[in-house]
Amino acid sequence: MVRSDLSSLGTKEIAKRVRTQLKTEFKGCKFSVRTEYFSGGSSITVGLMRADRKIKLDFDKIPKDTLNRYLNRNYNPYTMDELRTIQGRKYHQLGENAFYHYQKYDDHWNNGAFLTYQGYMFLKRVCQIVEAYHYVDSDIMTDYYNTNFYFHLQLGRYDRPFMDGDRFVDDPDLMQRVADRDAAIKAATEKANREKAEKDRLDRLEANSHTEKSRRTVNEIKDLMRSTAIIGENGLEVLTPEVRAKKILEIDEVQQALKVKGIDWSKVIFEI
């Protein structure tokens, strides 16, 4: 994920800004924005408590093909009654990953809640608002976690039921904000990928350059070690062990290697 300068803010300040922006953009809705601190970091939990539009599908409006995905799946299949019960709950812990910019609405449920299209886009915008302050550089495959805070998205709370809306709301401004943010994220991601690819290319060139230079140095040293004499400034120069060592120490790559180790190469030559 591309980092924003806003991600350097503290969790409490971020929660305050998120709360203000949600109130500004969704005046007819009610949210709960809570922070929590623990030994591993902090978290922000955003709960939609009351909506001014229909967020969840009525169970009898869920397409049969969609229900069949969960009735007939190979792992942990549900019964129709179980799906009906889950959909009827007034509290849902949602998966925010389903609202990433590359995800599309597909009539799928989100952790037990089948969402309307307008509900999906509404919650996508909520996630966008939070993600502007969020970064995640974690790698779950290696158990490496690096994030400025953990983000949780809910409908309602365990002790306070979610109040869904009952109507469709034509909200072109919301749709445009979602599209603009998706486009900005895509552009920033592509730019970051291009910059990384260019850096990797330059790193490879530099590595190859060092490799080639090291290869030439090794060959130069081998030639000196195999030779018994060379043509020098004063004609034929016999390579005694002392002269051979001096010639090797005069090679730039050898001098650099000695310098890295803190050895004065000129002093070494003097002591030969």
Hey, does the range 229-252 have a residue that's free of Cβ contacts under 8 Å to residues at least 60 places away in the same chain, surrounded by fewer than 12 Cβ atoms within 10 Å (Cβ to Cβ) and among the polar types (S, T, N, Q)? yes
Across (1) among the aromatic types (Phe, Trp, Tyr); (2) part of a loop (DSSP other than H, G, I, E, B); (3) within 18 Å of Arg50 (Cβ to Cβ), Tyr133 clears everything bar (3)
For the range 162-186, which residues satisfy the criterion of being part of a loop (DSSP other than H, G, I, E, B), closer than 24 Å to Gln93 by Cβ and under 33 Å from the mean Cα position of the chain (by Cα)? Phe162, Asp164
Scan Tyr150, Tyr144 and give me the residue that is within 24 Å of Asn97 (Cα to Cα), touching an Asp or Glu at 6+ places or on another chain (Cβ under 9 Å) and modelled with pLDDT under 80. Tyr144
Going by what's in this entry, would Asn76 be described as exposed (fewer than 14 other Cβ atoms within 10 Å of the Cβ), at positive phi and at pLDDT below 95? yes
Can you tell me which residue among Asn148, Asn193, Asn219 is touching a Ser or Thr at 6+ places or on another chain (Cβ under 6 Å) and either in the same structural domain as Tyr120 (by TED's automatic domain parsing) or more than 20 Å from Tyr120 (Cβ to Cβ) (or both)? Asn148
Only one of Thr66, Thr11 is farther than 25 Å from Arg167 by Cα and either touching a strand residue (DSSP E or B) at 6+ places or on another chain (Cβ under 8 Å) or among the basic types (Lys, Arg) (or both). Can you tell me which? Thr11
State which residue pairs qualify: first residue in contact (Cβ under 8 Å) with a residue 24 or more places away in the chain and inside the range 95-113, second residue in a strand (DSSP E or B) and surrounded by 15 or more Cβ atoms within 10 Å (Cβ to Cβ) in any location, beta carbons under 6 Å apart, and separation of 6 or more residues or different chains. Gly95/Asn110; Glu96/Phe151; Glu96/Leu153; Gly112/His92; Ala113/Lys56; Ala113/His92
So in the range 5-34, with the set limited to residues that are of a type in the set (S, T, N, Q) and over 26 Å from Leu115 (Cβ atoms), which one is modelled with the lowest pLDDT? Ser7
Return the residue satisfying two criteria in turn: it lies in the range 65-86 and is more than 31 Å from the chain's Cα centre (by Cα) and of a type in the set (Ser, Thr, Tyr), and of such residues it is farthest from Leu155 (Cα to Cα). Thr79
Sort out which residues of the range 35-49 are of a type outside the set (Gly, Ala, Ser) and surrounded by 15 or more Cβ atoms within 10 Å (Cβ to Cβ), and write them in order of number. Thr35, Ile44, Thr45, Val46, Leu48, Met49
Qualifying residues in the range 147-161 (those that are part of a loop (DSSP other than H, G, I, E, B) and touching a residue at least 12 places away in the same chain (Cβ under 8 Å)) - the one surrounded by the fewest Cβ atoms within 10 Å (Cβ to Cβ): Tyr158
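The values are calculated or read from the model by the stated rules, or taken from the named source; none is laboratory data. Remember, it's a predicted structure, so these values are computed and weren't measured experimentally. Cβ: placed from backbone, ideal geometry, glycine included. Neighbour counts: every protein chain shown.
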